[in-house]
Amino acid sequence: MVAELKNYIHEQYYFRLRLGVAGLIVLSLFTLLAFRFYYLQILHYDHYQTLAENNRISLVPTIPNRGLILDKNGVVLAHNFFVYTLEITPSKVKNLDSTIAELGQLIEVSSQDKKRFKKFREQSHSFESAPIRTHLNEFEAATFAVNHFRFPGVEIKSRLFRHYPLGKLGSHMVGYIGRINDKDIENLKKDGVYSNYKGSDHIGKSGLEQFYEQQLHGVTGFQQVEIDADGHAVRVLSSNAPIPGDNLILSADSKLQEIAETAFGERRGALVAINPKTGEVLSYVSQPTFNPNLFVDGIDSENWKLLNESLDKPLINRPLRGIYPPGSTFKPFVALAGLESGKRNPPFSIQDGGFFTLAGSSHRYRDWKPSGHGMVDMQKAITVSCDTFFYGLAMELGIERLTSFVSHFGFGRKSDLDIKGEIGGLLPTPEWKKRRYKQPWYPGETVIVGIGQGYTLVTPLQLAQATAILANNGVAMKPHLVTKIQNGLTGKQMDIPAIVQDRIELNPENMAIVKRGMVDVTLPGGTAASVGANAPYSIAAKTGTAQVIGIKQNEKYNEHGMNERHLDHALFIAFAPAEDPTIAVAVIVENGRHGGSTAGPIARKVMDYYLLGKMPAVEPSAVAAPVPANATGTATITEEELHD
Amino acid sequence: MISKLFHFLFKHFDSFLMACLFFALLLSLFVLYSASGQDISRIYAQGFNVLAALGAMWLAANISPLNLERAARPLYILGMLLLIAVALFGTISHGARRWLNLGFMQIQPSELMRIAVPMMLAWYFASREGKSSASNFVIGSLLLAFPVALIMKQPDLGTSLLIASSGFYVLFLAGLSWRFLLVASASLLALMPVFWSLLHDYQRKRIEILFDPTQDPLGAGYHTIQAIIAIGSGGSAGKGWLNGTQTQLDFLPERTTDFIFAVFSEEFGFLGNMLLLTLFSLIIARGLVIASQAQNTFSRLLAGSITLNFFSYAFVNMGMVSGILPVVGVPLPLISYGGTSLVTLYLGFGILMSIHTHKKLVAT
């Protein structure tokens, strides 16, 4: 009994010892936990607090309204409107194809919609929604709303769409926006403005939309939103309103634009009209044009193919990127060079026999009029566009002096218009030729530069700018399409100041001679007499033709039986009223043959409207159908007019 | 009359333990309300579970330890048969074979084994009293190894490890030699690199993620990372009841069950955690006191094992949620939502109370 009790006590002692050890282990492990909690909750509280906040708070960008583009009278050229879109968030949808198929039974989803959706998806993250249908009407929206429960991950949203209400009109000037691509992102990052594009999916791709992207876009606002683990917004904690983009107000007039574009009819070409005193661009035409609305949400391949593969090349921004030999429109500038250098001042005149030869050569540089123009002084040389006169003048000036003088009129360099992508044209020099062709300059090449042929190339914009500088007596105003930027919030307007780009001192007497010669161009006997007919204001002008394909020495240019697209380009420059010009125009009609008969009337309509507010009479045949070359019946068209 | 009923109901209850349990229950319902997204029906459901658990506890408290000792073998054998039946005919859900369909109800035999295994081992060592030899521990280990292996096969790693630990506590308290413990743990440590080298790369990867959740933040590690953020962002005093952002905005997974500690921790902070640790410590301390005062070998071994097993659950759960232990599916005792585990837990406390209040009856 005692032994048993002893044994019991002994055993209990050992058991309690073990319990004590276990208790110590319990205590130490709980202490370990306490230290862990101390570490997480006290020492690293800030860190985990931040993580928890980052978890729950999400910055949701609010996209600013893009600024409007308005013409000088407030006519809307580009605006935004809300449309219902049906959007799918791919990450929330189990089977995308079957979902789309089911949606298709409810609401019409075309194959084009599907293609666009696919493109969208490739460009964005799976947790971002992409539209499967846009422009839902009320009925479709309601139909879907009723069936919403069947489509988790599909939602109706309203998206802001850019719209160009005038469609094709002035599309090369206004440009368009498109979806932001990787290259845009790269550029935005380089410019350090990428954060402002959080949430934006469109950006200006061309024209003014591109150039004034920064002003039009506005400043993205942010909402601090509390979100749950699924990313659903629970409530808004704070918000920072977006600042809408600025509105652009142009110097162009949509009515004038319409008149100019209509005047081209089916023809290809370009027209630029500038106010010479301010540099404001009054009209900017590139024909044919395209509908910019096609591009806003990604152009479909069919339309793209149609536009891109068209022989008329409607996507080329001709005033900016179309390059043409200036032809005889170059002559007034060469004339001024001759006068300013003192080589051709009155009473200097030549006896024109219909051709010019270089000393020691038998090669004949022919005048457009085989019989010649008889006695020709500077003024008459401009009026009748005497080639022989300018061959000799160019030769005597020499290529360097000639090009350096006319470069003050903007030839050979970019005119710095507020649209990107301008081509600088070409004013050839011996150094250029050596660089480009590794060949010496030949005197004969100088001769033809005198009449705007050879290597010389200009864009319609350059030609218009040169005309404006001439009209403004040598003072070059920086050309610009936007005259006012209107604050999207306050409505306050800021004027774009007129900037003097360059200035060349010209002798008023010399200017007067050139102007007189140009005014006579639109008077009876001039190469564009019909253009000036019945004009209540005086027009100083010059016609020109530019060869599309070269003509051999003894070959005669024959309009008939030639491919229409090989016919000469028709050029026309003008400013009016001649004594105090407020408009300078350059027109190029591709394959239009004669400046006076095809390009000139277009310029006249533009000037009539601009100066008189006069709408053009409806006379489609005069423009649309080219006048037969050998027509003798039309009294107003003279031999001078049929050539340049 | 009323005092008689009162006596009948409460004579075998331990007031200290009851107070602790009541306090834990209160905490549990508050945290559950917050964790369930303020779903009152969850509270009702858990209230029902608590009533069932209290009933089980009352029953256990009123069964004398002698009868428990007698029931040990039949209960263990029944449990083993059921486990074998599960292995053969069990229904599969969530990729594991844990349930047995009896036609009228589904049972999970592994829960029964949480009580039956320590009871069996306590009985075994009690019956070998005074003849402590190495062979006893070999047989004891085998009695433990069979059910653990069967449950591990289901697979239910968490439960099998905890049952293994409950059995181990009996072995330890029964006097497993220190030398053996030392040698066993040393050789286990030594074998670890060998074991590691035998694993496939993907298996190693899994284990690495278990210990370092940041390696797979969106996959297996997500739960732990979000739980740690919840705990850490709770700070010293917590974000306040119903104000835990990680909880209320759905960032915490499994927040009414295995991860409920993160909810508690986020809303009540470091102070709350200390309170909970203190509460658990008091319960454990009480259990150890009951064990140390128990009057025979069976009672003390069983009481010690039940108490230490409660500790295991609490430590493993809080350790895994706070990121110092790998994630194994173990609920936080007394706090997590769920009926079965609560019943088993209260049953254990009932046994403790029985051992404490039946002392004089078994006095030698």
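The values are calculated or read from the model by the stated rules, or taken from the named source; none is laboratory data. Note that the structure is predicted; figures quoted are calculated from it, not measured. Positions of Cβ are generated from backbone atoms using ideal geometry, with glycine treated the same way; all protein chains shown enter the neighbour counts.
Quick notes
- Selection from region B:321-359 of residues that are over 14 Å from B:L161 (Cα atoms) and within 11 Å of chain A (Cβ to nearest Cβ): B:V321, B:S322, B:G323, B:I324
- Hits in region A:222-259 - residues which are among the β-branched types (V, I, T) and either within 30 Å of A:I274 (Cα to Cα) or in contact (Cβ under 8 Å) with a residue 60 or more places away in the chain (or both): A:V225, A:I227, A:I243, A:I249, A:I259
- Among (1) facing chain B (nearest Cβ under 10 Å); (2) closer than 27 Å to A:A229 by Cα, the one test that A:F30 misses: (2)
- Hits in region A:227-273 - residues which are in contact with a Ser or Thr (Cβ under 8 Å, 6 or more places away or on another chain) and acidic (D, E): A:D253, A:E261
- Leading residue by the ranking (farthest from A:F30 (Cα to Cα)) among those in region B:275-294 that are buried (at least 19 other Cβ atoms within 10 Å of the Cβ) and more than 7 Å from every other protein chain (Cβ to nearest Cβ): B:A294
- The set of residues in region A:195-251 being among the aliphatic types (A, V, I, L, M) and within 14 Å of chain B (Cβ to nearest Cβ) consists of A:V225, A:I227, A:A229, A:A233, A:V234, A:L237.
- So A:R604, is it basic (K, R) and at pLDDT 85 or above: yes
- Among the residues making up region A:269-324, a single one is of a type in the set (S, T, Y), under 17 Å from the mean Cα position of the chain (by Cα) and in a loop (DSSP other than H, G, I, E, B): A:T289.
- Boolean, A:S286 is touching a His at 6+ places or on another chain (Cβ under 8 Å) and either surrounded by fewer than 20 Cβ atoms within 10 Å (Cβ to Cβ) or within 25 Å of A:G425 (Cβ to Cβ) (or both): yes
- Search result, residues across region B:147-156 that are surrounded by 15 or more Cβ atoms within 10 Å (Cβ to Cβ) and touching a residue at least 60 places away in the same chain (Cβ under 8 Å): B:P147, B:L150, B:I151, B:Q154, B:D156
- Unique match (being closer than 30 Å to A:Y8 by Cβ, at pLDDT 90 or above and loosely packed, with under 10 Cβ neighbours inside 10 Å) among B:L171, B:L142: B:L142
- All helices (runs of 4 or more DSSP H) inside region B:122-205 with 2 or more residues being farther than 28 Å from B:G319 by Cβ: B:134-153
- Search result, residues across region A:8-26 that are facing chain B (nearest Cβ under 7 Å) and either under 14 Å from B:A174 (Cβ atoms) or not in a helix (DSSP H, G or I) (or both): A:Y14, A:F15, A:R16, A:R18, A:L19, A:A22
- Test: residue in region B:91-105 that is modelled with pLDDT under 85, of a type in the set (G, A, S), farther than 26 Å from B:A24 by Cα and more than 23 Å from the chain's Cα centre (by Cα): yes
- Condition met for B:G304 (buried (at least 24 other Cβ atoms within 10 Å of the Cβ), facing chain A (nearest Cβ under 8 Å) and closer than 21 Å to B:L68 by Cβ): yes
- Within region A:334-351, residues that are β-branched (V, I, T) have Cβ atoms under 9 Å from residues that are buried (at least 21 other Cβ atoms within 10 Å of the Cβ) and assigned to a loop (DSSP other than H, G, I, E, B) in these pairs: A:V334/A:G450; A:V334/A:I451; A:V334/A:G452; A:I350/A:C386, counting only partners at least 6 apart in sequence or on another chain.
- Members of region A:353-387 found to be farther than 26 Å from A:A574 by Cα and buried (at least 18 other Cβ atoms within 10 Å of the Cβ), listed by number: A:F356, A:Y365
- Pair list, Cβ < 9 Å and 6+ apart or interchain, from region B:242-264 residues that are on the phi > 0 side of the Ramachandran plot to residues that are among the aromatic types (F, W, Y): B:L242/B:Y33
- Annotation note: Cβ proximity below 8 Å between a residue of region A:506-526 that is touching a residue at least 60 places away in the same chain (Cβ under 8 Å) and a residue that is surrounded by fewer than 15 Cβ atoms within 10 Å (Cβ to Cβ) and in a loop (DSSP other than H, G, I, E, B) (sequence gap 6+ or interchain) occurs for A:I513/A:P346.
- If you filter region A:1-60 down to residues that are within 17 Å of B:A294 (Cβ to Cβ) and either at pLDDT 95 or above or small (G, A, S) (or both), you find that the one that is farthest from the chain's Cα centre (by Cα) is A:G20.
- Test for A:S110: is it closer than 30 Å to A:S239 by Cβ and loosely packed, with under 14 Cβ neighbours inside 10 Å: no
- Taken over region A:175-196, the criterion of being more than 17 Å from A:D297 (Cβ to Cβ) and either part of a loop (DSSP other than H, G, I, E, B) or in contact with a strand residue (DSSP E or B) (Cβ under 7 Å, 6 or more places away or on another chain) (or both) is satisfied by A:D191, A:G192, A:V193, A:N196.
- Which numbered condition A:L86 misses (of (1) touching a helix residue (DSSP H, G or I) at 6+ places or on another chain (Cβ under 8 Å); (2) assigned to a helix (DSSP H, G or I); (3) over 22 Å from B:S233 (Cβ atoms)): (2)
- Within region B:293-329, restricting attention to residues that are free of Cβ contacts under 8 Å to residues at least 40 places away in the same chain and part of a helix (DSSP H, G or I), the residue that is farthest from the chain's Cα centre (by Cα) is B:G319.
Yes/no per residue for (1) among the aliphatic types (A, V, I, L, M); (2) within 25 Å of B:R255 (Cα to Cα):
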| residue | (1), (2) |
| --- | --- |
| B:F311 | no, yes |
| B:G323 | no, yes |
| B:V328 | yes, yes |
| B:I355 | yes, no |
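- Filter result (under 24 Å from A:L237 (Cα atoms) and within 10 Å of chain A (Cβ to nearest Cβ)) within region B:242-268: B:G244, B:T245, B:Q246, B:Q248, B:L249, B:D250, B:F251, B:L252, B:E266
- Residue within region A:323-335 that is of a type in the set (S, T, Y), farther than 22 Å from A:F409 by Cβ and surrounded by 21 or more Cβ atoms within 10 Å (Cβ to Cβ) present: no
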